[in-house]
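First the structure, in the form of C-alpha cells, and then the observations on it.
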Ligand SMILES: Nc1ncnc2c1ncn2[C@@H]1O[C@H](COP(=O)(O)OP(=O)(O)OP(=O)(O)O)[C@@H](O)[C@H]1O
Ligand SMILES: [Mg+2]
C-alpha cells in the first residue's frame, strides 16, 4: 500500500501541497491530474522520498519514507518528471548502474536488463550515450530504470510525455499489464489516458485534493451525464420540444442544429423515454445517441471553478520562492 497522510510542502510562505491524503492498494492505478503548478510532481517527490515534506507522512509498503527510506525505496520504482539521467553514460551503462545501486546480483540484473530493453524498445540504442538520444528515447530509458527491479509500487510523473503516438500506446499497455500485482500512481495531462488505464482519479488544484474517485463516478458529476442527442430529418413536428419537456425525467432541452440535446433531470437514463416519445409522435428520427462526455470537460469544470483556480503568484511570494530555489 502507498499511503499519504496530510502531506504539506511549503516554499517560504507559498504552500505548494496542502494536506494531501490518500491510500492506494495493489491493483490500483491512480491517475493524478491537475493544472500546471497544482502540486502533482511535488507530491510525488515527497512520496518517493526525493523531497522532505514540511509536515505529514508518506509510506510505501508499510515503510515510512522518512524514517525507513531504504526499505521503502527498495519496493518503489520512480520515473521523475523530465527524466534526470546521466547524459554521458550509454543506455546499457546507465541501466547496469541502476541495477548495481539497487543491489541486484549480476545474473538477476542481466536478466532484468534484457527484459526492460525489450519492453521499452531500447535494443537498438543500447550503446548510444544518453545525451545523443531523442527526447522520447530518453523517456524510455527513465521508464526502463523505473521498472528494472520489478517493483511492487510505481510512481510515474507524466510517463508518456514526449513519446510518439505509437509509443504512448505501448507505454499505456505496459502500465495496464503491470497493474494486477502493483500499485501505480501516474500523473498526466492526457485525460484519455486516465479513462483508458486508471481505476481511480485524484484531481488536485492549488495543492489541494478536489476529487478522489473512479473515472466513471467522476463523469457522473457532470450535468450532461446520460444526456442524449436526438437528430431529426428536417421538418420534424412542432410539438417535439413540448413533448420532451413533458417527460418527467427530462431536465433541460437545448436546440442543436436540426435536433436537440436533452439532459436528464437527475442523471437518469432517459434514452428509452425519448425513444418512446419519438415513436408515439411518429417523429422522423435520424439518430438518437448518448451525447459524448469526456473526462476533459469534467476536469475543466472542476479546475476552472473560481474557488479552484490556481492563484497567480504574488510578487512577494515569487521573491521568497526564488530565495528558496536559490538555496
Ligand atoms: N523548489 C521550488 N521552489 C519554489 N516553488 C516551487 C519549487 N518547486 C515547485 N514549486 C512550486 O510548487 C507548485 C507545484 O509545482 P509542481 O511541480 O508540483 O506542479 P505540477 O502539478 O507537477 O505541475 P505540472 O503539471 O506543470 O508538472 C508550483 O507553483 C511550483 O512553481
Ligand atoms: Mg509536474
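The values are calculated or read from the model by the stated rules, or taken from the named source; none is laboratory data. Given the structure is predicted, the values throughout are model-derived calculations rather than measurements. Virtual Cβ from ideal backbone geometry, glycine too; neighbours counted across all protein chains shown.
Things to note:
- Considering (1) closer than 30 Å to residue 36 by Cα; (2) at pLDDT 80 or above; (3) in a helix (DSSP H, G or I), the lone condition that residue 225 does not fulfil carries the number (3).
- Test: residue in the stretch 198-219 that is farther than 30 Å from residue 179 by Cβ and not in a helix (DSSP H, G or I): no
- Complete set of residues in the stretch 155-174 that are within 24 Å of residue 22 (Cα to Cα), out of contact with any helix residue (DSSP H, G or I) (no Cβ under 8 Å at 6 or more places or on another chain) and free of Cβ contacts under 8 Å to residues at least 60 places away in the same chain: none
Here is a yes/no grid of residues against (1) at pLDDT below 95; (2) within 16 Å of ligand 1 (Cβ to nearest atom):
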site	(1), (2)
42	no, yes
48	no, yes
68	no, no
82	yes, yes
85	yes, no
121	yes, no
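- With respect to the conditions (1) touching a strand residue (DSSP E or B) at 6+ places or on another chain (Cβ under 8 Å); (2) farther than 21 Å from residue 19 by Cβ; (3) free of Cβ contacts under 8 Å to residues at least 60 places away in the same chain; (4) not in a helix (DSSP H, G or I), residue 78 lacks only one, and its number is (3).
- For the stretch 228-251, filtering for residues that are part of a loop (DSSP other than H, G, I, E, B) and modelled with pLDDT under 90 leaves 7.
- Residue among 234, 152, 177 that is farther than 30 Å from residue 14 by Cβ and in contact (Cβ under 8 Å) with a residue 60 or more places away in the chain: 152
- Conditions (1) surrounded by 20 or more Cβ atoms within 10 Å (Cβ to Cβ); (2) farther than 30 Å from residue 300 by Cβ: number failed by residue 55: (1)
Yes/no per residue for (1) closer than 22 Å to residue 78 by Cβ; (2) within 16 Å of ligand 1 (Cβ to nearest atom):
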{"position": "179", "(1), (2)": "yes, no"}
{"position": "185", "(1), (2)": "yes, yes"}
{"position": "204", "(1), (2)": "yes, yes"}
{"position": "213", "(1), (2)": "no, no"}
{"position": "218", "(1), (2)": "no, no"}
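- For the stretch 81-107, the candidate set comprises residues that are surrounded by 13 or more Cβ atoms within 10 Å (Cβ to Cβ) and in a loop (DSSP other than H, G, I, E, B); within that set, the residue that is nearest to ligand 2 (Cβ to nearest atom) is 81.
- Taking (1) outside any strand (DSSP E or B); (2) within 16 Å of ligand 1 (Cβ to nearest atom); (3) in contact with a strand residue (DSSP E or B) (Cβ under 8 Å, 6 or more places away or on another chain) in turn, residue 27 satisfies each apart from (2).
- Screening residue 60 on (1) in contact (Cβ under 8 Å) with a residue 40 or more places away in the chain; (2) away from ligand 1 (no atom under 16 Å from the Cβ); (3) surrounded by fewer than 22 Cβ atoms within 10 Å (Cβ to Cβ); (4) under 30 Å from residue 201 (Cβ atoms) shows it passes everything except condition (3).
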